[in-house]
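Reading through the structure tokens given below for one structure.
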Amino acid sequence: MAFRTLGHPYRGRCTSSEIVLLYMPYSLFSGEAGLFKSVNNSILSGTLATLLANFLAQVETHLPSLTLDDLPGIVQTIRNMIVNGVEPCVRPDHDHPGQIGFGTMERVHHYIHHNLHDPQLTAEKICRSVGISRTRLYQLFESHGGVLNYIRKQRLQAAYETLQDPANQDRILDIAQTAGFDVAANFTRAFTNEFGVSPSKVRKNLSAPHPEPTDFPVPNSKQVSFENWLRNLDL
């Protein structure tokens with residue numbers, strides 16, 4: 001099993017082989033900023049790598065029967081397994097022993113991830129804390145529709161994961177406030193636009209003996225090329 005980041009160029013060739021390629025958006029790993037810079041082009045091995053390979057094979061087998069409601073838990077499981085699998089491959093930074101070098105984007109992702117529920121999380125505060133200009137910050141998040149739009153999407157994703165957690169009994173209103181929405185109706189509207197399902201339905205399906213299937217969204221015909229699909233992974 002090989003691990004590569006699309007943040008670096010790579011060229012390779014395979015012959016007479018069968019390959020499963022898994023692409024995951026970088027934002028899922030913002031809490032481990034800098035980790036993948038160190039482990040790029042690593043070969044994963046051992047028990048954790050075997051468990052990850054087996055899990056991916058099972059996911060591929062069951063793809064026809066999966067619904068949109070199944071995906072958050074599966075994505076989170078794969079994400080955690082990848083992090084655990086690549087950590088043994090981390091190469092130390094000899095210029096800064098014991099530390100992993102953070103690039104600008106990694107530092108910004110890391111800061112946003114760890115301050116996601118701060119109601120005062122603004123572009124100005126990010127610039128001041130990370131040490132970059134507002135112009136540079138806006139450039140980094142131009143493809144995401146702006147840094148505030150990126151934060152909003154991350155908060156909505158966190159809210160989705162909270163609603164999917166069987167152990168969490170917080171009111172939807174409380175979850176909405178944590179996601180930065182003072183008005184529940186605004187949260188419901190934004191959540192439904194983002195995921196195609198209302199917060200109450202996500203919570204209801206969690207306790208239902210037979211969750212209602214949710215259809216996958218049909219991709220825009222103008223964005224079906226492989227390159228555009230990759231570029232939209234992180235939106």
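The values are calculated or read from the model by the stated rules, or taken from the named source; none is laboratory data. Please read all numbers here as calculations on a predicted model, not as lab measurements. Reconstructed Cβ throughout: ideal geometry from the backbone, glycine too, with neighbour counts over all protein chains shown. Side chains are part of the model used for accessible areas, which takes the heavy atoms of the whole protein and leaves out ligands, DNA and RNA. Shrake-Rupley method; radii C 1.70, N 1.55, O 1.52, S 1.80 Å.
Quick notes
- Positions within the stretch 114-128 being at pLDDT below 90 and not in a loop (DSSP other than H, G, I, E, B), in sequence order: His114
- Unmet criterion (only one of (1) crowded, with 18+ Cβ neighbours inside 10 Å; (2) in a loop (DSSP other than H, G, I, E, B)) for Leu137: (2)
- Scanning the stretch 154-165 for residues that are open to solvent by 50 Å² or more (accessible area, probe 1.4 Å) and either of a type in the set (A, V, I, L, M) or in contact (Cβ under 8 Å) with a residue 60 or more places away in the chain (or both) turns up just one, Glu161.
- Inter-residue pairs, beta-carbon under 6 Å, first within 22 Å of Leu163 (Cβ to Cβ) and in the stretch 59-71, second hydroxyl-bearing (Ser, Thr, Tyr), 6+ apart: Thr67/Thr214; Leu68/Thr214; Asp69/Thr214
- When restricted to residues that are under 21 Å from the mean Cα position of the chain (by Cα) and surrounded by 14 or more Cβ atoms within 10 Å (Cβ to Cβ), the stretch 166-180 contains 5.
- Spans of helices (runs of 4 or more DSSP H) in the stretch 1-113 with at least 1 residues modelled with pLDDT of 80 or more: 47-61, 71-86
- Filtered by the rule that a residue be touching a Ser or Thr at 6+ places or on another chain (Cβ under 9 Å) and either farther than 23 Å from Pro166 by Cα or loosely packed, with under 11 Cβ neighbours inside 10 Å (or both), the stretch 48-58 gives no residues.
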